[in-house]
Amino acid sequence: MPAPTDPPTNPSAAMPADMPVTNAPPAGAPAPDDRDSRAPWQLRVDFLIELARRLHMYGTSAQRLEGAVTQVARRLKVEADVWSNPTGMILSFPDPDRPGHAMTRVIRLEPGEENLGRLAAADKIAEDVLAARMPAREGLAAMRALDRPRHRFASFWTVLAFGLASASVTGLLPHTGWADLVTAALLGCGIGVLAEASHGRPRLDHAHEAVAAFLVTLCATAVATFLAPLSLQGVIIAGLIVLMPGLTLTTAVSELAAKQLVSGTARFAGALTTLLKLTFGAVAAAQVVNFLGWTPMPNAGAALPDWMPWITLLAGSFAFAVLFKAARRDFPLVMASVWLGYGITRAAQLVPGVAENALPGGVFLAGMIVTAAGNLYGQLANRPSALIRVPGIILLVPGSLGFRSFNFVFEKNVLLGLDTAFAVVAALIALVAGILFGNLLLPTRRNL
C-alpha cells in the first residue's frame, strides 16, 4: 500500500472510491435541470473533467470512475466518453453546437491513492451541484480548493500510523511475543520516516520499497542476533505491511473481472513490480547477513496474552483511518469497518470445514458482507460506501502472501513459492467474488 501524504484531519477514494447519488432536491428548491444543465457547455465540461481527475487521484478503479462520470454527465446533459487507466485518462465530449466535432482531453496522472476524506468532500460538492444547491461554477472552484497545503503535523501522524499498523499486524500473527511487537512498531516508524523523506525526491521514491525492505530485514536480523529472539519472518512482514500492494492487487483483479483489461493488467503489473522491489531488498539484506555471519537466536520468547490481539487491532484500525486519510468525523466509522471485516473472517473460521477448505470462505463472506454494508450505508447516508468497503477489506488483502511467495522463489524453494502463489490467487478470487456478490445483494449508489 503506498505511503500517505496527508494528515488524518485533512478532509478528503481502493480499491476503490465512491460518487454521490442524486437525491430529490428539498421542497421549494429548483430542479437540477433548472440551473446546472443550462450552465455554459464548457463550464459543465470543465466540472466533469475536474470530477474525473479527483476520482482518479483518490484511488477510484477504472470501471467505477467511468460509470460515475458518465452518469453525472448525463444528469448535466453532456455527452461524454471516458477511458481511464492507472496513469491517466482520455475524456471526449462531442460539441452539441458543431456536429461531428468533439473536445478531447488527455490527462497524465500518477496512480491514485486512497483518500477517503477528500473523496467524501468531493462527493458532497458533486451532490450539491446535481441537486442544484450549488452552481457548477462554484462546484468547480470548491473541488479545486480541495488541494490544500499539508497540515503541519502530517508527517508525525503518518509515521505514527506506520508504526501502529506494523504493531497491529504483529499482534494478529500467531507465535509472536513482546519483542516482536516492539521491534515491528519501531521498524514501521522507520519506514514511515523513509516514506515521508521520499516525497519530492523522485529517485528515492522509485526505489524506496527496495530500500525499506533492505533496512527492515537487516535491522530485524540484527535485533534477533544481538538483542532478543524474534519471529523473524513475521516481524519483517509486519514492518513492511503498509508497503504491501494487497489493495492494488485486489483492485486490479476487480478491474479485470469488470472487463477493464488495459487498466487491470497495468495495475496488476504495477503491484507485481512493487512486490519484486520489496523481495529484492529483503533478499539483498539476507545476503549481507550471511556475509557478516549473523545467526539469529532461536525464538523462545513468551507469546502475547490472549487479549493483546484485540488491543493491537484497535491501534491498527486507528492507523488505517490515518493512512486512508479519513476526515476526523469518519474515524469511528472507518475503525468499525476494519473490525467488521476482521471479525467476520475470524467468526467464519469457527464454522466446521471452512478453515480446511482450499477456498478462503471467511474472506469471501467478509468481502460480501462488508461490501453490502458499505452499499447500504451509502444509500441511507448519501455518502461514499468506500468509507466502509475499503477499510473493511484491508486486513483481507493478500499482499503479505505475495511477498512470501517471491521470497521462496528467490530462495530457490520453487515448490513452496508456487504453493504460496496459489494461496494468493485463491485469496484474490475469494475477495473479489465477495465484493461482486455484495454488489449483487445490494446495489451501489451510482454504478459504484
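The values are calculated or read from the model by the stated rules, or taken from the named source; none is laboratory data. Since this is a predicted model, take the numbers as computed values, not measurements. Neighbour counts run over all protein chains shown; Cβ positions are idealised from the backbone, glycine included.
Which of the residues that make up region 140-158 are assigned to a helix (DSSP H, G or I) and crowded, with 20+ Cβ neighbours inside 10 Å?
Filtering region 140-158 down to residues assigned to a helix (DSSP H, G or I) leaves 140-144, 154-158.
Selection gives LEU140, MET143, ALA154, TRP157, THR158.
Against the definition (of a type outside the set (Ser, Thr, Tyr) and outside any helix (DSSP H, G or I)), how does ARG137 come out, yes or no?
Details: of a type outside the set (Ser, Thr, Tyr): yes; outside any helix (DSSP H, G or I): no.
So ARG137 fails the test.
State yes or no: is ILE394 under 19 Å from VAL169 (Cβ atoms) and surrounded by fewer than 16 Cβ atoms within 10 Å (Cβ to Cβ)?
Working: under 19 Å from VAL169 (Cβ atoms): yes; surrounded by fewer than 16 Cβ atoms within 10 Å (Cβ to Cβ): no.
Spelling it out, it is not the case that ILE394 is under 19 Å from VAL169 (Cβ atoms) and surrounded by fewer than 16 Cβ atoms within 10 Å (Cβ to Cβ).
Scan (1) part of a helix (DSSP H, G or I); (2) more than 30 Å from ASN85 (Cβ to Cβ); (3) of a type in the set (Asp, Glu) for the single condition GLU255 breaks and write down its number.
(2)
Taking GLY200 as meeting all but one of (1) in a helix (DSSP H, G or I); (2) under 30 Å from PRO149 (Cα atoms), write down the number of the exception.
All conditions are met except number (1).
Take the residues of region 300-314 that are farther than 13 Å from THR170 by Cβ and under 33 Å from the mean Cα position of the chain (by Cα): which is modelled with the highest pLDDT? I'd like the intermediate steps shown before the answer.
In the first step, residues of region 300-314 are kept if they are farther than 13 Å from THR170 by Cβ; the result is 300, 302, 305-307, 310, 314.
So of that shortlist, the ones also under 33 Å from the mean Cα position of the chain (by Cα) come out as 305-307, 310, 314.
Numbers: PRO305: 82, ASP306: 81, TRP307: 84, TRP310: 87, LEU314: 92.
Filtering region 300-314 for residues that are farther than 13 Å from THR170 by Cβ and under 33 Å from the mean Cα position of the chain (by Cα), the one modelled with the highest pLDDT comes out as LEU314.
Can you tell me which residue among ARG98, ARG108, ARG44, ARG118 is of a type in the set (D, E, K, R), over 20 Å from ALA326 (Cα atoms) and in contact with an Asp or Glu (Cβ under 8 Å, 6 or more places away or on another chain)?
Values: ARG98 fails: in contact with an Asp or Glu (Cβ under 8 Å, 6 or more places away or on another chain); ARG108 fails: in contact with an Asp or Glu (Cβ under 8 Å, 6 or more places away or on another chain); ARG118 fails: over 20 Å from ALA326 (Cα atoms).
The unique qualifying residue is ARG44.
Across region 283-332, what is the number of residues that are part of a loop (DSSP other than H, G, I, E, B) and among the basic types (Lys, Arg)?
So the first thing to find is which residues in region 283-332 are part of a loop (DSSP other than H, G, I, E, B), and the list is 293-302, 304-307, 324-327.
Next cut, among the basic types (Lys, Arg) only: 325.
Of the residues in that region, 1 qualify.
Which is of a type in the set (A, V, I, L, M), under 17 Å from ALA285 (Cβ atoms) and more than 21 Å from the chain's Cα centre (by Cα), of LEU240, LEU215? It would help to see each step written out before you state the result.
Values: LEU240 fails: more than 21 Å from the chain's Cα centre (by Cα).
Within the list LEU240, LEU215, the selection yields LEU215.
Restricting attention to region 270-281, does a residue exist that is over 26 Å from VAL390 (Cα atoms) and in the same structural domain as PRO245 (by TED's automatic domain parsing)?
Yes, region 270-281 contains a residue that is over 26 Å from VAL390 (Cα atoms) and in the same structural domain as PRO245 (by TED's automatic domain parsing).
Residues in region 235-246: is at least one surrounded by fewer than 19 Cβ atoms within 10 Å (Cβ to Cβ), outside the structural domain of PRO86 (by TED's automatic domain parsing) and outside any loop (DSSP other than H, G, I, E, B)?
Within region 235-246 (the criterion being surrounded by fewer than 19 Cβ atoms within 10 Å (Cβ to Cβ), outside the structural domain of PRO86 (by TED's automatic domain parsing) and outside any loop (DSSP other than H, G, I, E, B)), the answer is no, since none of the residues qualifies.
Going by what's in this entry, would LEU164 be described as touching a Phe, Trp or Tyr at 6+ places or on another chain (Cβ under 9 Å) and within 30 Å of GLY239 (Cβ to Cβ)? Steps first, answer last, please.
Values: touching a Phe, Trp or Tyr at 6+ places or on another chain (Cβ under 9 Å): yes; within 30 Å of GLY239 (Cβ to Cβ): yes.
In short, yes.
The conditions are (1) assigned by TED's automatic domain parsing to the domain that holds ALA122; (2) surrounded by fewer than 20 Cβ atoms within 10 Å (Cβ to Cβ), and TRP178 fails exactly one of them. Which is it?
It is condition (1) that TRP178 fails.
Between a residue in region 305-322 that is over 19 Å from VAL242 (Cα atoms) and any residue that is among the aliphatic types (A, V, I, L, M) and assigned to a helix (DSSP H, G or I), which pairs come within a Cβ distance under 9 Å, given they are 6 or more apart or on different chains?
If the second residue must be among the aliphatic types (A, V, I, L, M) and assigned to a helix (DSSP H, G or I), the pairs left are MET308/LEU181.
When you check VAL351 against the structure, is it at pLDDT below 85, more than 30 Å from ALA284 (Cβ to Cβ) and surrounded by fewer than 20 Cβ atoms within 10 Å (Cβ to Cβ), yes or no?
On the way: at pLDDT below 85: yes; more than 30 Å from ALA284 (Cβ to Cβ): yes; surrounded by fewer than 20 Cβ atoms within 10 Å (Cβ to Cβ): yes.
Here the answer is yes, as VAL351 does meet what is asked.
Filter region 68-110 down to residues that are out of contact with any Ser or Thr (no Cβ under 8 Å at 6 or more places or on another chain) and of a type in the set (Val, Ile, Thr) and give me whichever is surrounded by the most Cβ atoms within 10 Å (Cβ to Cβ).
VAL69
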